[in-house]
Structures are given as C-alpha cells and as structure tokens.
Amino acid sequence: MAIFLSLEWVSAYRDAINANPLYREAAATWNFGALALVCKAKADAGLTEDVAIWLDLHLGQCRDARLMTAADVATTPFVLIAEYDRWKQVIKGDLDPIKALLQGKIRLKGNLSTVVRFVGASKVLVATASQVGTQFADE
C-alpha cells in the first residue's frame, strides 16, 4: 500500500493506468494534453500546501506522472481541483467524480465539452485510481 499523494502512489497510479486495457480503449483518441488533479491542503493529512498529480495522458497511455505543487500545473490544459476529503471519497468509490463535478464538489479548469466527450475514459481513470492500494495519511 502506498500513501495517497506520495511519489510511490503516483508511480503506482501511472503503472495501473498503463496496464488497464479499458483505459487504453476509452482514451485511444485523447490528444488534448495533460490532466492535473489538485488536492487542497489539509494539515491533519500532512498536506501543508495544495498538491497536484500531473498526468501526461496521450492516446490511451500515461506517458508520465508527477507530483507537483498546484502552482506548477497552472498552465495544464485540464485541472480538476477538490478538497482532500473529496479525492478520498472518489478513490474509495464513495463519490462519482462526474456527479461531483456537476455539483461543484470538484472544479474543472479547462474545456468542459472535451471532458464530457471523454466521460467514459474519465470514469475508467477514476476506477483505476481505486485499484491502487491506497493508504490515507489521516486514517
């Protein structure tokens, strides 16, 4: 098990994405650039500042995955921003990310119509995160 938002977790997530044939198929035509998942700071989870997982997604593959500051991903084409507890709910499968997006629980910076066209790939990407052995620092 890797701690969520650690380098080990990000690496395991990248590997899981690349090993998932469902993602490869659902995102086979994705050529719209990188995606960043920003997690807002939460002191009792050990996060003193906003943290981002940056994913270089292209044609059904994750070419790179990095842990960055939120400022580092400001120019990333697609950025999803949520509180730590929201990401935790998503990874545990307790919160549907598309519904969370529509309800304002997760915010999007980027072209919504592009994201909607790839909703299937988005769901597989989230399901893949749920498959990574994850330990949360606040549990």
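Details
- Charge dipole (debye, nearest 20) of the range 1-123; +1 at Cβ of Lys and Arg, -1 at Cβ of Asp and Glu: 380 debye
- Cα gyration tensor shape for the range 55-108, rounded if a/c is under 1.5, else prolate or oblate: prolate
- Residues whose amide H falls under 5 Å from that of GLU83, counting only those 5 or more places apart or on a different chain, are LYS40, with hydrogens built in the peptide plane.
- Ordering ALA27, ALA74, GLN135 by the projection of their Cα atoms onto the charge dipole of the chain, which places +1 on the Cβ of Lys and Arg and -1 on the Cβ of Asp and Glu, puts ALA27 at the extreme positive end.
- Relative packing of 94-106, 44-56, which averages over residues the other C-beta atoms within 10 Å, highest first: 44-56, 94-106
- Packing around the peptides 12-20, 80-88, taken as the average count of other Cβ atoms within 10 Å per residue, puts them in this order, highest first: 80-88, 12-20.
- Whether the range 2-133 is rounded, prolate or oblate, judged on the alpha carbon gyration tensor where a/c under 1.5 counts as rounded: rounded
- Proximal aspartates and glutamates relative to LYS40, as straight alpha-carbon distance under 20 Å, when same-chain residues fewer than 8 apart are discounted: GLU8, GLU49, ASP50, ASP72, GLU83, ASP85, ASP94, ASP96, ASP138, GLU139
- For the chain, the longest principal axis of the Cα atoms and the long axis of helix 7-19 meet at an angle of about 20 degrees.
Since every read-out is calculated from the coordinates, none of them should be taken as a lab result. All figures in this text were calculated on a predicted structure; none of them were measured in a lab. Neighbour counts are summed over all protein chains in view; Cβ atoms, including those assigned to glycine, are modelled from backbone coordinates with ideal geometry.
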